[in-house]
Each structure stands twice: as structure tokens, then as C-alpha cells.
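Asks: The structure's right below; bear with me while I get my questions together.
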Amino acid sequence: ASALMYMLKKQRDAVGLTIFSDEVKFHTRARSTTAHHKLLETTLIQHLNQNNRNRATAAARCLHQIADNIHKRSMVVIFSDMFETAQNPDEIFSALQHLRYNKHEVVLFHVTDNKREIDFEFENRPYVFVDMESGEEVKLQPNQVKDYYQQQMYQFLQTLKLRCSQFRIDLVPTDINLDFSQVLLPYLVKRSKMQV
């Protein structure tokens, strides 16, 4: 997010920032001033330094609110693991469709830890898995559920790709273990080819 903001600043484009979990925690209108960019950077750093555990996410409600608050046609860039989609796919995609209906371009950086959350790579020993939003704990050995987990994750990812394609939402898989340039450069190259 910070790298994108920096690039947009260099292009003298206006940038805003919204941070949400169960509600919108921070929101600014898009501006292009240096002071505004410093505020956004400071806010991101403060957010990273906070303990964000045991906070539920209400992405659909927050995205509807964001769609209602952005009045100019804009590029809306979302960073999310989209795990809320697994439980409420229609609700979250209704919110994303609301953004598209308002003529915004939507780019979704689907943020995951591929090694753990996609491939489910853990040693074969007992673990206690803790839900970062609810605090709920599950004790198990990964190999007991790995095949089922990977099957469910595959279905989730396929649904996400399909729905994003249907709504013309640009989906960018984003592994948190990669350097930002390894995520952004392929996306920017793809984007530049689409505009030629």
C-alpha cells in the first residue's frame, strides 16, 4: 500500500486511505499534497504497530460505506485476505459490486501467507491454531486435516477468481512473504500491457 501511494505521489495523483475492521477506523479524502502523504504514511505505520488481534471484520458493511463516501470516479485498491468471503460470499461481492456500480475501478490485492494459509505447510506435530479475529482455538495435527483444508482453500480461491472476473475486479494474488516489488512489478507490467 505504501509503495503504491509513493508511486501515485510521484505521478501527482490524489490518494486517500481507509482502514477498517469491524468498522471504518480511519478515512481520508483523496489529496495530492506532501503533508497529506505524510499523514497517510504515519497512519499506516501506526496501524502496523497496533495489536490487531481479536477484532472481527465486517468488510461488506465497510465497503458499502466506502462506496457511499467516494463521489468521484476512482481507483479503489483493497488489501484483504477475503476470508470473510468464505462465509458470506454474496454479501461481500454485493459490496464490491456496489463499488463497480458507482463506476470505480476496483483492484483487490488478495493478501495471504501462501506457505501457511494456502499450502498449509506445518510440521506433523500437535498445534494450537488461534483465530486472530475471534480468539477461538483449535487443537489438531496438521496432517489430519491438510487434504481437506487444501481442497476447501482451492474451492475458495476458484470462487474468488470467478466472482472477481464476473465483476471486472482486478485480482492480484499477494503473498506476504514476497518483497513488495515481486508483487507490484508483475501487476504493473500486466496493467501496462492492457492499456496498450
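Asks: Tell me the Kirkwood hydrodynamic radius of segment 1-58 in angstroms, computed as one over the mean inverse distance between distinct C-alpha pairs.
Replies: 12.2
Asks: I need to check one value: relative contact order of segment 62-137, counting alpha carbon pairs closer than 8 Å and at least 6 residues apart, in percent.
Replies: Normalised by residue count, the contact order of segment 62-137 is 32 percent.
Asks: Can you tell me the orientation of helix 180-195 relative to the chain, as the angle in degrees between its alpha-carbon axis and the longest Cα principal axis, to the nearest 10?
Replies: 60
Asks: Heavy atoms only, probe 1.4 Å: what % of the accessible area of segment 1-126 goes to carbon and sulfur, would you let me know?
Replies: The value for segment 1-126 is 47 percent carbon and sulfur by accessible area.
Asks: Measure out, as a whole number of angstrom, how far apart the alpha-carbon centroids of segment 100-114 and segment 136-196 sit.
Replies: About 11 Å separates the Cα centre of segment 100-114 from the one of segment 136-196.
Asks: Keeping all protein chains in the complex and leaving out DNA, RNA and ligands, what accessible area do you get for PHE180 with a 1.4 Å probe, in Å² to the nearest 10?
Replies: 130
Asks: What would the Debye formula give as log10 I(q)/I(0) at q = 0.21, 0.31 Å⁻¹ for the alpha-carbon point model of segment 55-103, no solvent?
Replies: Summing over Cα pairs of segment 55-103 leads to -0.71, -1.30.
Asks: Taking only the Cα atoms of the chain, how large is their convex hull per residue, in Å³?
Replies: 134
Asks: While we're here: Aspartates and glutamates near LYS146 by alpha-carbon distance under 15 Å, same-chain residues fewer than 8 away left out - which ones?
Replies: GLU117, ASP119, GLU121, GLU123
Asks: Using the heavy atoms of the protein chains and a 1.4 angstrom probe, tell me the accessible area per residue for segment 65-128 in square angstrom.
Replies: Heavy-atom SASA per residue in segment 65-128 reads 57 Å².
Asks: Next question. Does anyone have the angle between helix 89-101 and the longest principal axis of the chain? Alpha-carbon axes, 0 to 90°, nearest 10?
Replies: Compared with the principal axis, the helix lies near 10 degrees.
The values are calculated or read from the model by the stated rules, or taken from the named source; none is laboratory data. Because the structure is predicted, anything quoted here is derived from the model rather than measured. All accessible areas refer to the heavy atoms of the entire protein, side chains included, with ligands and DNA or RNA removed. Shrake-Rupley method; radii C 1.70, N 1.55, O 1.52, S 1.80 Å.
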